[in-house]
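Accompanying notes for the structure given below.
The values are calculated or read from the model by the stated rules, or taken from the named source; none is laboratory data. Please read all numbers here as calculations on a predicted model, not as lab measurements. Backbone-built Cβ (ideal geometry, glycine too); neighbour counts: all protein chains shown. To get the accessible areas, we keep the full protein, side chains included, count just its heavy atoms, and leave off ligands, DNA and RNA. Shrake-Rupley method; radii C 1.70, N 1.55, O 1.52, S 1.80 Å.
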Amino acid sequence: MTTPTKTLDVCGKICPYPDMDTMTTLKKMEKGEVLEVLLDYPLSVERIPRNLKKQKHKLLEVEKLNGPNHRMLIEAHGLKE
Amino acid sequence: MTIALLSGLLIGILFGFALQRGRFCMNSAIRDTILMKDNTLLKSVGIAVLVQMFGFPLLSWAGLITLNPKPLFWGAILVGGIAFGIGMVLAGGCASGVTYRVGEGVVAALSAVIGLAAAGTITAMGFLKPIKDYLQTNTKIAIGDGLSPTLANIFGLPYEVTALLLALVLGAIWLVVALKNKEDDEEPKASLKDRIFVKGWGWLPTGIAIGIVGILAYWTSASAGRNYPLAITSGWITFVKKYIVAVPDVKIGWDAWLIVGIIVGALIASLIAGEFKVRWPGWGTILQTLFGGLLMGFGAVTAAGCNVTHILSGLPQLSIGSLLASISIALGAWLMAWLIFVRPQNEK
């Protein structure tokens, strides 16, 4: 199992903060580092994977937890360089 | 409660269910075009408008509704629309968006609707009323005997034929463009039951469902004596008038039952999908969405309609006022999204 480099908890946040916080955090990470995102906003669970493709970050895993809670593992593309 | 008003509740439940399953929010739809370069929800909105543009003329021909396009008071619509657009970005949802999210357990949406209802009432009958009245009276453009201008009547054309032809032309253009830019959407592999009740709906079924709800809403609302399509703000204002300001003789009408239905429908949908959760966002967010809601309430009453009235219900009636309002709402939303999301990113 992949160990995340960093964890971002955006539970309870309103639209579009779950997406924005995820993207800005990924931007600051080195290539290959893994971000763990904890979220509970249904639209973002569907929208983040769509937008990751455009940014070339790699979605490693989406795990459904209790209720609307999800855990995502994303490998950063390293846009920082 | 008569049978007629019960239809408001039932339509609301259908509407709330579809809004929750489709994550249908016009704030996201408009904002995401510049923020995430994502048009998915905007396509849903477009489909919903098109479906109603086919449905309203048929209802009108059948004598089931009388068209009721919004007036063109350009000053009120510009000011109100832009205020509403700014407000909905701060509130994290449009009028229908924050209403259905109350049923999902989003506390920030509840503070947004409190702001919407409060400022809506203050603009309708309180100290902001003179501003609204001034703008609405002094910038009004009507044609003929005080008719609200539409894309049909300014050319002397009948509404029904014009709307149907326009819907056909727009639909055909859309189809051609869509076929040219065919996206390879990954089909979700799931049973039909899961696709309806558990997974989020795609943009196309969502748009069609919302469009059909809109048609049924106009029909049943007109049968209940309220010759008017889907709307959100007026229903919320009714509750404040009746239970907080205690205005005598205020009745809980079709539009207020619609609001109750939306929350119940979204609650049912989110419970079935396992997406209900009371989400507490912290006081900072609560204050932000409350302020956003206040701007939305002022904007919606000043412009004589929120995103639902003008975009979802007004565009299919070809109202020029609603067209201007839709543009104003988008401008306000883009301005605010640029200020608080796009610009800070570029500066880093």
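Given region B:170-251, what helices (runs of 4 or more DSSP H) lie entirely inside it while holding 1 or more residues that are at pLDDT 90 or above? I'd like the intermediate steps shown before the answer.
Numbers: elements: B:192-197, B:203-223, B:233-239.
Answer list for region B:170-251: B:203-223, B:233-239.
Test each condition in (1) open to solvent by 60 Å² or more (accessible area, probe 1.4 Å); (2) without any contact (Cβ under 8 Å) to a residue 40 or more places away in the chain for B:G225 and report the one that comes out false.
All conditions are met except number (2).
Answer yes or no: is there a residue in region B:320-342 that is touching a residue at least 60 places away in the same chain (Cβ under 8 Å), open to solvent by less than 40 Å² (accessible area, probe 1.4 Å), over 30 Å from A:H70 (Cβ atoms) and assigned to a loop (DSSP other than H, G, I, E, B).
no
Within region B:112-154, which residues are touching a Leu at 6+ places or on another chain (Cβ under 8 Å), surrounded by 15 or more Cβ atoms within 10 Å (Cβ to Cβ), among the small types (G, A, S) and within 21 Å of B:G81 (Cα to Cα)? Even if it seems obvious, please write down each step before you answer.
Here is the first cut: in region B:112-154, the residues touching a Leu at 6+ places or on another chain (Cβ under 8 Å) are B:112, B:114-116, B:118-119, B:122, B:140-142, B:148-153.
Filter once more, so that each one left must be surrounded by 15 or more Cβ atoms within 10 Å (Cβ to Cβ): B:112, B:114-116, B:118-119, B:122, B:140, B:148-153.
Among the residues that remain, those that are also among the small types (G, A, S) are: B:112, B:115, B:118-119, B:148, B:152.
Correct list: B:A112, B:G115, B:A118, B:A119, B:S148.
Could you say whether any residue in region B:251-266 is under 21 Å from B:G115 (Cα atoms), of a type outside the set (S, T, Y) and within 14 Å of chain A (Cβ to nearest Cβ)?
Yes, region B:251-266 contains a residue that is under 21 Å from B:G115 (Cα atoms), of a type outside the set (S, T, Y) and within 14 Å of chain A (Cβ to nearest Cβ).
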